[in-house]
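Read through the structure below, which is laid out as structure tokens, and then see the notes.
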Amino acid sequence: MQPVRHSPAYWFLSDAWVLIVRSWKHIFKNIDQMLSLVLQPLMFMLLFRYIFGGAIDTGPVSYVNYLMAGIIVQTAAFGATTTSMNVALDLKRGIVDRFRSLPMSNATLLIGHVTADLARNMISTAVMILVGLLVGFRPNATAYEWLVAAGLLLTFTFAISWLSAILGLLARTVEAVMWISFMLIFPLTFASSAFVPTSGMPFVLRVFAENQPVTHTIEALRALTVGTPMGNHGWIALVWWIIVTLVSIPVCGWMFRRYSS
Amino acid sequence: MPGTDAIVVRSLVKSFKKVNVLEGITFSVPRGTMLALLGPNGAGKTTTIRILSTLLRPDGGEVRVNGFDVVREADAVRAVIGLTGQYAAVDEYLTGRENLEMMGRLYHLSAADSRRRATELLEQFDLADAAKRASKTYSGGMRRRLDLAASLVAAPPILFLDEPTTGLDPRSRLMMWDVIGKLLHDGATILLTTQYLEEADKLANRIAVMDRGRVIAEGTAAELKSKVGKDRLELTLERENDLERAGTSIERADVTLRTEERSVSVAIDRVEDVQHILNRLENAGITVAGLSLHKPTLDDVFLQLTGREPAGRSTASRQAEEKKEPAPVPTR
């Protein structure tokens with residue numbers, strides 16, 4: 001029973017693959033996490049569609065069409081925070097120690113979690129869109145526009161996942177992870193144009209809401225799906241999330257290596 | 001193979017934020033033997049294991065595992081060690097088999113070898129029936145066995161077992177001892193930490209007693225025990241005026257009489273001694289009302305070596321003990 005000989009690059013990819021498969025299995029074996037990821041935004045969607053929506057004026061666009069881009073981005077943002085939870089759980093339960101005592105590339109653990117979160121988010125986004133269609137969402141996007149929208153959403157989720165991985169490495173307890181990621185994602189998704197137009201907000205809040213990256217992402221998605229004006233939202237959002245990703249990945253790697261030494 | 005010692009630790013020092021956790025530890029483990037690090041919580045046992053298994057960097061001193069330096073040649077060390085921590089570090093959502101196959105792949109065995117090895121280990125650790133269940137449904141003992149199995153996937157020649165039986169029920173503990181004994185028999189070099197003198201005594205070739213970041217004694221179980229004293233038989237007699245006569249008819253070297261408790265304390269070497277002593281008392285017409293056997297414990301080792309109770313006990317238990325007034329008089 002001897003280890004097989006291959007190049008370090010081969011083993012890096014192999015380790016990454018093994019851990020991606022591990023995290024993917026969690027999607028279906030940890031049903032509770034999957035359910036909370038789908039049910040919570042579903043309730044939000046119904047809440048805004050049927051309870052608050054009637055009182056919100058979104059101009060020429062019907063409220064349900066306006067809402068969908070916001071709810072999809074919020075779902076993806078909260079979904080991406082499961083990365084911090086899963087990283088923190090691994091650290092706490094000692095399985096990271098086991099991995100670190102193996103002759104493997106340790107950073108692949110984070111790659112596993114982030115890719116599984118992308119997959120998990122795609123599932124919950126698909127459910128959101130299907131239910132949206134049932135409650136009156138009528139997108140007019142072309143196939144090309146859907147593709148661009150999917151690409152933008154993946155870039156966004158990828159960036160937030162790596163950001164969350166930092167939180168997971170930073171937090172001392174799983175409970176801390178929960179409130180820290182809540183404190184990060186809640187203002188970013190609600191102080192935005194996700195549920196209401198920013199025009200009714202007080203000045204300071206409005207300046208924040210109109211210029212923060214989540215709003216740009218929502219507006220770009222809205223433009224792609226229901227044909228509101230695109231402006232520069234798409235480019236600005238894309239640049240933001242690429243920068244966040246490029247900064248977060250090395251920070252994660254550095255923190256992971258430093259962890260507990 | 002460099003040298004006869006699989007593990008060499010010299011003047012190992014480690015501190016966390018100015019708290020000295022290890023203050024110059026030195027020991028070595030000859031190939032194919034087991035050393036037990038015995039000590040209370042906070043003695044530095046886990047820190048030592050974490051440094052030896054490359055999880056922590058030492059601040060000073062020299063640590064070699066299989067001849068490799070744990071800092072400069074960490075990858076070479078990782079290829080020859082297996083680690084079982086205090087918490088069962090298995091993936092709770094994966095099944096027993098999935099866990100073991102994953103470990104095999106991460107040890108860089110081929111897929112076929114990983115599968116074959118998983119089957120072997122599930123069989124060997126009595127987990128074959130539970131192989132297809134998520135490990136979160138396992139009992140504590142099963143999870144520990146799976147954890148130990150996971151550290152054995154690549155059949156590493158050197159094993160670090162950090163308190164492998166803490167928190168297990170007696171039956172699971174016996175099973176674990178059995179498994180560990182077999183590993184040693186098959187030629188593994190093992191460093192085990194434990195809080196139980198009995199465990200160290202039962203399993204290990206040699207014992208190093210740790211306290212507050214130092215090794216305060218090292219030797220075989222027999223050597224340490226001879227420092228602490230032997231097992232003692234405590235007898236309570238029915239009638240106080242039998243006491244003197246009991247002392248003489250027992251005819252043993254180390255006998256203590258306590259009049260106010262009507263009790264006799266005798267050092268014994270073997271279980272058969274108990275029978276001989278009871279026979280002698282019966283022949284002398286002395287009635288024994290009660291009997292108990294006192295084995296030397298970690299507390300006794302510490303009392304003997306340091307003159308105090310083990311450090312690092314929880315304050316709750318210490319307070320509970322302090323409440324017991326008056327303080328119990330030592331029995332010898």
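Figure legend. Inter-residue proximity from segment B:258-277: first residues touching a residue at least 24 places away in the same chain (Cβ under 8 Å), second residues open to solvent by 90 Å² or more (accessible area, probe 1.4 Å) and part of a loop (DSSP other than H, G, I, E, B), beta-carbon distance below 6 Å, spacing 6+ or different chains. Indicated pairs: B:Ala267/B:Lys230.
When segment A:7-18 is examined, which residues are found to be more than 9 Å from chain B (Cβ to nearest Cβ), open to solvent by 30 Å² or more (accessible area, probe 1.4 Å) and in a helix (DSSP H, G or I)? The answer is A:Pro8, A:Ala9, A:Tyr10, A:Phe12, A:Leu13.
A quick yes/no check of all residues on (1) assigned to a loop (DSSP other than H, G, I, E, B); (2) open to solvent by less than 90 Å² (accessible area, probe 1.4 Å); (3) touching a helix residue (DSSP H, G or I) at 6+ places or on another chain (Cβ under 7 Å); (4) at pLDDT below 75:
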site: B:Asp273; (1), (2), (3), (4): no, yes, no, no
site: B:Asp300; (1), (2), (3), (4): no, yes, yes, yes
site: B:Glu309; (1), (2), (3), (4): yes, yes, yes, yes
site: B:Glu325; (1), (2), (3), (4): yes, no, no, yes
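In this structure, B:Thr256 does not qualify as exposed (fewer than 15 other Cβ atoms within 10 Å of the Cβ) and within 17 Å of the chain's Cα centre (by Cα).
Do we have any residue at all in segment B:28-42 that's farther than 20 Å from A:Pro3 by Cβ and within 11 Å of chain A (Cβ to nearest Cβ)?
Of the residues in segment B:28-42, the ones farther than 20 Å from A:Pro3 by Cβ are B:28-42.
After this cut, where a residue has to be within 11 Å of chain A (Cβ to nearest Cβ) as well, the list is none.
The answer is no, given that none of the residues of segment B:28-42 is farther than 20 Å from A:Pro3 by Cβ and within 11 Å of chain A (Cβ to nearest Cβ).
Of all residues in segment A:89-117, those being surrounded by 20 or more Cβ atoms within 10 Å (Cβ to Cβ), farther than 18 Å from B:Ser53 by Cα and within 11 Å of another protein chain (Cβ to nearest Cβ) number 4.
Does B:Ala204 satisfy being at pLDDT 90 or above and open to solvent by 10 Å² or more (accessible area, probe 1.4 Å)? The answer is yes for B:Ala204.
On the stretch given as segment A:25-44, residues that are within 11 Å of chain B (Cβ to nearest Cβ) and part of a helix (DSSP H, G or I) total 8.
All of A:Val21, A:Val4, A:Val61 fail the test of being surrounded by fewer than 20 Cβ atoms within 10 Å (Cβ to Cβ), within 9 Å of another protein chain (Cβ to nearest Cβ) and part of a loop (DSSP other than H, G, I, E, B), apart from A:Val4. For segment A:223-238, filtering for residues that are farther than 20 Å from A:Val114 by Cα and either out of contact with any His (no Cβ under 9 Å at 6 or more places or on another chain) or open to solvent by 50 Å² or more (accessible area, probe 1.4 Å) (or both) leaves 11. Evaluated against (1) open to solvent by 30 Å² or more (accessible area, probe 1.4 Å); (2) under 24 Å from the mean Cα position of the chain (by Cα); (3) within 14 Å of chain A (Cβ to nearest Cβ), B:Gly85 falls short on exactly one condition, (1). Would you say A:Ile242 is in a helix (DSSP H, G or I) and modelled with pLDDT of 95 or more? Judged against the criteria, A:Ile242 is a match. Taking the criterion of being modelled with pLDDT under 85, surrounded by fewer than 20 Cβ atoms within 10 Å (Cβ to Cβ) and among the aliphatic types (A, V, I, L, M), the residues of segment B:207-227 that qualify are B:Ala221, B:Ala222. Each residue in segment B:118-139 was checked for being within 12 Å of chain A (Cβ to nearest Cβ) and under 23 Å from A:Trp24 (Cβ atoms), and 6 of them qualify. If the condition is being open to solvent by less than 50 Å² (accessible area, probe 1.4 Å) and more than 27 Å from A:Thr58 (Cβ to Cβ), then segment A:181-206 contributes only A:Ser181.
Counting only residues that are surrounded by fewer than 17 Cβ atoms within 10 Å (Cβ to Cβ) and at the interface with another protein chain (Cβ under 9 Å from one of its Cβ atoms), which one in segment B:45-75 is farthest from A:Arg258 (Cα to Cα)? Taking the candidates together, the pick is B:Asp75. Being away from chain B (no Cβ under 14 Å), surrounded by fewer than 15 Cβ atoms within 10 Å (Cβ to Cβ) and under 24 Å from A:Phe156 (Cα atoms) is not true of A:Leu67.
Applying the set (1) at pLDDT 85 or above; (2) open to solvent by 70 Å² or more (accessible area, probe 1.4 Å) to A:Arg258 leaves exactly one unmet item: (1).
The residue that is nearest to the other protein chains (Cβ to nearest Cβ), among those in segment B:161-173 that are open to solvent by 60 Å² or more (accessible area, probe 1.4 Å) and over 16 Å from B:Leu127 (Cα atoms), is B:Gly167.
Look through B:Arg78, B:Arg97 and report the one residue that is modelled with pLDDT of 95 or more, crowded, with 18+ Cβ neighbours inside 10 Å and under 19 Å from B:Asp147 (Cα atoms). Within the list B:Arg78, B:Arg97, the selection yields B:Arg97.
Within the set B:Ile158, B:Ile180, B:Ile190, the sole residue that is under 16 Å from A:Ser101 (Cβ atoms), modelled with pLDDT of 90 or more and away from every other protein chain (no Cβ under 14 Å) turns out to be B:Ile190.
Here is a check on your reading of the model: is B:Gly104 touching a Lys or Arg at 6+ places or on another chain (Cβ under 8 Å), facing chain A (nearest Cβ under 10 Å), under 30 Å from A:Phe28 (Cβ atoms) and touching a residue at least 24 places away in the same chain (Cβ under 8 Å)? Considered against the rule, which asks whether it is touching a Lys or Arg at 6+ places or on another chain (Cβ under 8 Å), facing chain A (nearest Cβ under 10 Å), under 30 Å from A:Phe28 (Cβ atoms) and touching a residue at least 24 places away in the same chain (Cβ under 8 Å), B:Gly104 comes out as yes. Only strands (runs of 3 or more DSSP E) whose full extent lies in segment B:1-92 are considered here, and the ones with at least 2 residues that are under 30 Å from B:Ala131 (Cα atoms) and aliphatic (A, V, I, L, M) are B:81-84. Against the list (1) loosely packed, with under 15 Cβ neighbours inside 10 Å; (2) among the hydrophobic types (A, V, I, L, M, F, W, C); (3) over 30 Å from B:Leu38 (Cβ atoms), the condition B:Ile250 fails is (1). Can you spot a residue in segment A:106-121 that is of a type in the set (Asp, Glu) and out of contact with any Leu (no Cβ under 8 Å at 6 or more places or on another chain)? So far as segment A:106-121 goes, yes, one or more of its residues are of a type in the set (Asp, Glu) and out of contact with any Leu (no Cβ under 8 Å at 6 or more places or on another chain).
The values are calculated or read from the model by the stated rules, or taken from the named source; none is laboratory data. It should be emphasised that the depicted structure is a prediction, and the values quoted were computed from it without experimental measurement. As a convention, Cβ positions derive from the backbone with ideal geometry for all residues, glycine included, and neighbour counts pool all protein chains shown. Ligands, DNA and RNA are excluded from the accessible area calculation, which covers all protein heavy atoms including side chains. Shrake-Rupley method; radii C 1.70, N 1.55, O 1.52, S 1.80 Å.
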